[in-house]
1. GNM, the chain, Cα, under 10 Å: largest mean-square fluctuation among Ile105, Ile82, Ile72?
2. Which FRET efficiency value, to the nearest 0.05, do you get for Ala128 and Leu96 by plugging their Cβ-Cβ distance into 1/(1 + (r/R0)^6) with R0 = 25 Å?
3. How much length, in nm to one decimal, is gained on full extension between Lys66 and Glu150, taken as 0.36 nm per residue of separation minus their Cα-Cα distance?
4. Which order, highest average first, do 170-180, 35-45 follow once you tally other Cβ atoms within 10 Å for each residue and take the mean per peptide?
5. Just how far, in whole angstrom, is region 151-172 from region 81-131 if you go by their alpha carbon centroids?
6. Given all pairs of different Cα atoms, what value in angstroms does the Kirkwood hydrodynamic radius of region 68-115 take?
7. Which ³J(HN,Hα) values in Hz, rounded to whole numbers, follow from the phi angles of region 186-191 under the Karplus curve 6.51 cos²θ - 1.76 cosθ + 1.60, where θ = phi - 60° and Gly and Pro get x?
8. In sequence order, what are the phi-derived ³J(HN,Hα) couplings for region 102-110 according to the Karplus relation 6.51 cos²θ - 1.76 cosθ + 1.60 with θ = phi - 60°, rounded to whole Hz, with x for glycine and proline?
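Values quoted throughout were computed directly from the atomic coordinates according to the rules given, and no laboratory measurement underlies them. Keep in mind it's a predicted model, so treat the numbers as computed, not measured. Note: ideal-geometry Cβ built from the backbone for every residue, glycine included; neighbour counts use all protein chains shown.
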Amino acid sequence: MTASQDDGVIVVDHPLVQHKLTLMREKDRSTKSFRQLLNEIGMLLCYEVTRDLPTELIEIETPLQKSMQPVISGKKLVFAPILRAGVGFLDSMLELVPAARVAHIGLYRDPDTLQAVEYYFKAPSDIADRMIVVMDPMLATANSAVAAVERLKERGAKDLRFVCLLAAPEGIARLRGAHPDVRIWTAAIDERLNDHGYIVPGLGDAGDRMFGTR
């Protein structure tokens, strides 16, 4: 898989990712197809965000002989989806890393102020010792992303990464400005935000399209 990196932002430009993203952008794409494509892209993004996980050698026995082979070292990851749309990535990432812990961060965007309002938070008690992958399909105003990272840091998290499907330049600037230690993985950087805080050209409201409430 290929990826380009600039100032802490990694764009995963693999042809499969870009093809599936284009299908997701289509306004008449069914809810079932949209959800499936999001799941597939989530798995591909997970490969990239975990590319540099530390490993250590352990001794195993193959059918032929004993051998020293690599396994992931240290405590397992924590996947932290921002509810509700962030759960669209969760199943596919857990398929790749089934031993990962899960944190849930419930935030919604106030339609008038566009600020993030918290309504739920639940995370493992030892997140300070784990790498946290925060996930939300859309990095638009980044108010929810910034709030989620702040909540996690307040509870001791130190190693955080952010994964999204689409990012707006304004959202990238906001998240990187507030948390320059948090790198961003995305499938694409779109043109801008419109007056309502939606990414343009984008794909609409990811949560609405996932759950058929648009």
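1. For the chain, modelled as a Gaussian network with Cα springs under 10 Å, the answer is Ile72.
2. 0.60
3. 25.6 nm
4. 35-45, 170-180
5. First find each Cα centre; the distance between them is then 11 Å.
6. 12.7 Å
7. After applying 6.51 cos²θ - 1.76 cosθ + 1.60, I find 8, 7, 6, 10, 7, 6 Hz.
8. These are the phi-based 3J(HN,Hα) values: 10, 10, 10, 10, x, 9, 10, 8, 4 Hz.
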